[in-house]
1. Label-point separation (nm) for Ser44 and Asp85, each offset 7 Å from Cα along Cα-to-Cβ?
2. What FRET efficiency would be calculated for the residue pair Ser76, Ser56, taking the C-beta separation as r and a Förster radius of 22 Å, to the nearest 0.05?
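Only the coordinates and a few stated rules stand behind these numbers; no lab work does. Quantities reported herein were computed from a predicted structural model and do not represent experimental measurements. Note: ideal-geometry Cβ built from the backbone for every residue, glycine included; neighbour counts use all protein chains shown.
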Amino acid sequence: MLRPACLDHRSTRCCSLGNPYHCPRHRCRNRGATLTIRGSGFQSGSTVTINGKSTSVTFKDANTLSVATPSLTPGSQQITITNPDGESVSLDAAFLAN
């Protein structure tokens, strides 16, 4: 089962994707920032979109994906992770782009 657990924007702080209101909002510069998504059930070939835009994804292991952010409109960003088997999960307001 695909379960993202935390989002890390170039720091050691993690933000629970299942409970985003209990963690600080991450701010991300526009384009080129690296996001690390930690959780479980990730598969080699997983894709990630941010507000519907494709990203460059590096599969680290079943618990970690590294994502290069595309050019983003400032504001709240939705992240969607899709495994090659079609399983998908989304989080609204995962982080803020500035």
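1. Label-label distance for Ser44 and Asp85, simple model: 1.6 nm.
2. Details: r = 21 Å, r/R0 = 0.98.
According to the calculation, E is roughly 0.55.
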